[in-house]
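Report on the following structure.
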Amino acid sequence: MRKEMRVFVGVLLLALFSVSALAGGRGDRAVKSDAIGLHLVSSSPQTGFRQVTTTSGDRMYVSTRATWTSLDVLSVDTLPGRDGSTLSMRLSGSATNRLTDQVQRVSDTQVAIYSGKSIIGMATVNKDGSLTVGGITPDRSEQIRRVVDGDPVVPVGPLVTVVAAGELGGQHLIDVYIEGVDSLRGYQLRLTSGGGDSGSLELTRVSVDESRDDFVFFGSNVINASTKLLGQLASVRADGPTPANQARYLGTYVYSATRDASGLFRVNVESGSDSVLVGPQNGELGFNVGADARIFVGSTKNDRDSR
């Protein structure tokens, strides 16, 4: 009964945060404020795609969720031109394989590049799996380059960071922290991973360890919830908000590498409504996201045989 009740509370908590976020408005909340998302494009309707009309009046269909993110982009090269910059994006090996496979099935060799909810460019898929964007403004080109290179930005307001916390039993632990917030009542977070030369990281567990003395709500009356299916964790303090000016723990994500995984993988907070901070009076708080957590998975035959 206790387990069933906890799951029920978790569902209510996640729903509460989603409703609260919509009711309170987005404001200037920035989750990886200039992060980019790569969405598949089709000229005909597809399941999981939505219709979009471009500024030129053209109609196309774009996947509702990003298939790749800035975590999957290894490098960005820019060549200035008379009609704007030409930008070339090279993806990780595993992302290139997924791109080639999915473009053949549902796309017209184009990918929409989003910044937040706005399309900032249309990329053409090359035969080698790289992406080329023509006619992009220098400002947008620099924006994308900064995201991929992970250039540090001095944050203003709350900062959520992810930290590679080592391995346990062959699994990779990622701890999430928050700092720079005057009054926090609750949060909901979702992480995403990308990169690697082959294979992927699979989420195996999500949890909030409220016994840790650096837990943001340590010693308070709290309700915690987590769901591996949705890849989300959440916590709310029942007796009012608390400050978190110094780095405080929010939760832990545990990943396993697939047997064919190799290379450098990156993990960070996913942008969008899946990640929310809640302050006093259930108001939504703006926040920034720190650098990616990096996990290297060995690629030798002995490494693969030992997993």
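The values are calculated or read from the model by the stated rules, or taken from the named source; none is laboratory data. What you see is a predicted model; the values in this text were computed from it and never measured. Because the Cβ atoms are built from the backbone with ideal geometry, glycine has one as well, and the counts that use them run over all protein chains shown.
When the residues of region 247-296 are filtered to those that are of a type in the set (D, E, K, R) and under 21 Å from T67 (Cβ atoms), which remaining residue is nearest to the chain's Cα centre (by Cα)?
First, the residues of region 247-296 that are of a type in the set (D, E, K, R): 248, 259-260, 266, 270, 274, 284, 292, 294.
Going one step further and asking which of them are under 21 Å from T67 (Cβ atoms), we end up with 260, 266, 270, 274, 292.
Working: D260: 23, R266: 10, E270: 2, D274: 9, D292: 10 Å.
That would be E270.
Looking only at region 191-225, which residues are of a type in the set (G, A, S) and within 17 Å of the chain's Cα centre (by Cα)? Before you say what the answer is, go through the steps one by one.
Taking region 191-225 as the starting set, the residues that turn out to be of a type in the set (G, A, S) are 193-196, 198-200, 207, 211, 219-220, 225.
Across region 191-225, the qualifying residues are S193, G194, G195, G196, S200.
Evaluate the following for G27: is it touching a Pro at 6+ places or on another chain (Cβ under 9 Å) and modelled with pLDDT under 80? Break it down stepwise before answering.
Values: touching a Pro at 6+ places or on another chain (Cβ under 9 Å): no; modelled with pLDDT under 80: yes.
Criteria not met by G27.
Taking the residues in region 66-100 that are surrounded by fewer than 21 Cβ atoms within 10 Å (Cβ to Cβ) and assigned to a loop (DSSP other than H, G, I, E, B) as candidates, determine which candidate is modelled with the highest pLDDT.
T67
Just to be sure I understand, how many residues within region 194-219 are touching a Ser or Thr at 6+ places or on another chain (Cβ under 7 Å) and more than 25 Å from D182 (Cβ to Cβ)? Steps first, please.
First, pick out the residues of region 194-219 that are touching a Ser or Thr at 6+ places or on another chain (Cβ under 7 Å): 194-202, 204, 206-209, 216-217.
Add one more test, that the residue is more than 25 Å from D182 (Cβ to Cβ), and what stays is 194-202, 204, 206-207.
Residues that pass the stated criteria total 12.
If you go through region 186-214, how many residues are crowded, with 22+ Cβ neighbours inside 10 Å and outside any strand (DSSP E or B)?
Residues that pass the stated criteria total 2.
Name the single residue, out of those in region 215-268 being outside any loop (DSSP other than H, G, I, E, B) and β-branched (V, I, T), that is surrounded by the most Cβ atoms within 10 Å (Cβ to Cβ). Outline the logic, then answer.
Pass one, region 215-268, residues outside any loop (DSSP other than H, G, I, E, B): 215, 222-227, 232-237, 242-244, 248-257, 262-268.
Restricting the remaining residues to those that are β-branched (V, I, T) gives 222-223, 227, 236, 242, 252, 254, 267.
Numbers: V222: 18, I223: 17, T227: 15, V236: 21, T242: 18, T252: 18, V254: 19, V267: 25.
That would be V267.
Can you name the residue in region 240-272 that is closer than 15 Å to S183 by Cα and of a type in the set (G, A, S) and is also modelled with the lowest pLDDT among such residues?
Filtering first and then ranking leaves G240.
How many of the residues making up region 46-60 are touching a residue at least 12 places away in the same chain (Cβ under 8 Å) and in a loop (DSSP other than H, G, I, E, B)?
At the first step, the residues of region 46-60 found to be touching a residue at least 12 places away in the same chain (Cβ under 8 Å) are 46, 48-50, 52, 54, 60.
From what's left, in a loop (DSSP other than H, G, I, E, B): 46, 48, 54.
Result for region 46-60: 3.
Condition test on D108, is it of a type in the set (D, E), in contact with a Ser or Thr (Cβ under 8 Å, 6 or more places away or on another chain), closer than 30 Å to I295 by Cβ and touching a residue at least 12 places away in the same chain (Cβ under 8 Å)?
Answer is no for this residue.
V153: surrounded by fewer than 17 Cβ atoms within 10 Å (Cβ to Cβ) and either within 19 Å of T192 (Cβ to Cβ) or modelled with pLDDT under 80 (or both), yes or no? If you could, list the steps in order and put the result at the bottom.
Details: surrounded by fewer than 17 Cβ atoms within 10 Å (Cβ to Cβ): yes; either within 19 Å of T192 (Cβ to Cβ) or modelled with pLDDT under 80 (or both): yes.
Spelling it out, V153 is indeed surrounded by fewer than 17 Cβ atoms within 10 Å (Cβ to Cβ) and either within 19 Å of T192 (Cβ to Cβ) or modelled with pLDDT under 80 (or both).
With respect to the numbered conditions (1) surrounded by 16 or more Cβ atoms within 10 Å (Cβ to Cβ); (2) in contact (Cβ under 8 Å) with a residue 60 or more places away in the chain, which one is the sole condition not fulfilled by S63?
For S63, the exception is condition (2).
Restricting the search to region 103-138, which residues are among the hydroxyl-bearing types (S, T, Y), surrounded by 18 or more Cβ atoms within 10 Å (Cβ to Cβ) and either at pLDDT 75 or above or touching a Cys at 6+ places or on another chain (Cβ under 7 Å) (or both)?
Going through region 103-138, the residues among the hydroxyl-bearing types (S, T, Y) turn out to be 107, 109, 114-115, 118, 124, 130, 132, 137.
Add one more test, that the residue is surrounded by 18 or more Cβ atoms within 10 Å (Cβ to Cβ), and what stays is 107, 114-115, 130.
Hits for region 103-138 are Y114, S130.
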